[in-house]
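See structure below.
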Amino acid sequence: MSGQMQIKVFAGTASQGFAMDICQRLGTELGKADVRKFSDGNIFVRILEQVRDKDVYVIQTIGIQPNDGFMELLFWIDALKRASAGSITAVIPYFSYAKGDKKDEPRVSIRARVCADCLETAGVDRVITMDLHAPQIQGFFKKPVDHLYALPVLCDAILQRGLPNLTVVSPDAGFAKRAREFAHRLKAPVAIGDKMRSDHTESAEIMSLIGDVAGRNVVIVDDFSVSCGTLVQMAKTVKAHGAKRVLACVTHGLLGEEGAKALMESPIEELLVTDTLEQAAGRFCPKITVVSVAELFAKAIKIIHDKESLSILFE
């Protein structure tokens, strides 16, 4: 790697294994640090090696415990800034608060914007993330945001299943554009669910299905899943419309034990998720297959570090 002596990769407590996988692909060692959570809940971060004038990448997903994860990331950035790091890039595989992207109700916070302001105030110079719930969140930042997509990796995994007569299904109109990108790469037609969510619970009702799935194999695609409720409802809907085999894939799998149970009792044969969230309780459910995106993040870090264009990753 060009400039290898100047790059430093550190791992937050939510992404230790993922960061080690990235370092292995970069041919570098994980930076040394001391991160503690005291009995009163306070988080402490100390860098244990020199980072003056070095390009530093701190990897911390904001997912299973988003408040602790986010505060820890802010303290990482502040500690690195005070240690005179040359540049600080926050690598956030999953940015949980990206779901709070708009003021669609009275007197609510635009949480993603607040988080963007906090990261920049702490001193971040760049952000690398994957499959934001709303891509326009990149505009909340004044600093560069590199938005990676898991689609190529997930599509390759789907193609390996060798399913004939495949239809890509989006659970709602909001994900339809991304679903069409899946369909284009898989050379398959698209069907779209009409989903209604009446409150802030993690459940939704599929009202109808636009498209034909009768006699076809189906892969349901989405950006994330917490309770597996939407995926299960969509799977039941396509089955009721005559679908044969049903698979699903999401970039970010936050499934807990209840979500894993719902998945096991559903018509979904297999759920593909990436390794952006390594602490999800339901990750070891027999129906879940984890597909790694560490190689994609490693390539992005190397390209940025070498001051080249990331466009090669999207070709």
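Nothing in this text is a laboratory measurement; each read-out follows from the coordinates by a stated rule. Just so it is clear, the structure is predicted and the values come from calculations on it, not from any experiment. Cβ sites come from the backbone with ideal geometry, for glycine too, and all protein chains shown count toward neighbours.
Taking amide H positions as placed in the peptide plane 1.01 Å from N, state which residues far from Val169 in sequence (5 or more) or on other chains have amide H under 5 Å from it.
Sorted by chain and number, the residues that satisfy this are Ala191, Val219, Ile220, Val221.
Once you've got the GNM for the chain with C-alpha springs shorter than 10 Å, pick whichever of Thr230, Thr274, Thr121 has the biggest mean-square fluctuation.
Thr121
Note down the nm distance, to one decimal, between modelled labels 7 Å out along Cα→Cβ at Thr289 and at Asn165.
Rounded to a tenth, the inter-label distance reads 2.1 nm.
Just Leu132, Leu277, Leu209 to compare: in a GNM of the chain, with alpha carbon springs under 10 Å, which one fluctuates most?
Leu209
For Lys37, go through the aspartates and glutamates and keep the ones whose alpha-carbon is under 20 Å away, minus same-chain ones fewer than eight residues off.
In chain and number order, the partners are Asp68, Glu72, Asp78, Glu278.
May I ask for the distance between the Cα centers of the range 272-315 and the range 35-91, given as a whole number of Å?
One Cα centre to the other: 20 Å.
Grab the beta carbon distance between Glu265 and Val114, set R0 = 41 Å, and tell me the FRET efficiency rounded to 0.05.
Working: r = 38 Å, r/R0 = 0.92.
With R0 = 41 Å, the Cβ-Cβ based efficiency is 0.65.
Give me the net charge for the shell around Ala19: Cβ to Cβ below 14 angstrom, other residues only, Lys and Arg +1, Asp and Glu -1. Please list the in-between numbers first.
Values: positive: Lys8, Arg25, Lys32; negative: Asp21, Glu29, Glu72, Asp275, Glu278, Glu295.
After counting each charged neighbour, the total is -3.
Using the structure shown, select from Lys54/Lys99; Lys103/Lys143; Lys102/Lys239; Lys142/Lys307 the pairs with a Cα to Cα distance greater than 25 angstrom. Show your work: numbers first, answer last.
Details: Lys54/Lys99 33 Å; Lys103/Lys143 23 Å; Lys102/Lys239 34 Å; Lys142/Lys307 19 Å.
Correct reply: Lys54/Lys99; Lys102/Lys239.
Taking only Cα atoms and a 10 Å spring cutoff, compute GNM fluctuations for the chain and point out the largest among Gly27, Gly12, Gly69.
Checking each option, the largest mean-square fluctuation is seen for Gly27.
Rg and Dmax of the range 243-315, using alpha carbons, in Å: what are they?
So, for the range 243-315, Rg and Dmax equal 15.8, 48 Å respectively.
Need one number: % antiparallel among DSSP beta bridges in the chain, to the nearest 5. If you can, show how the numbers build up before the last one.
Numbers: 11 of 53 bridges.
Restricted to the chain, the bridges split so that about 20 percent are antiparallel.
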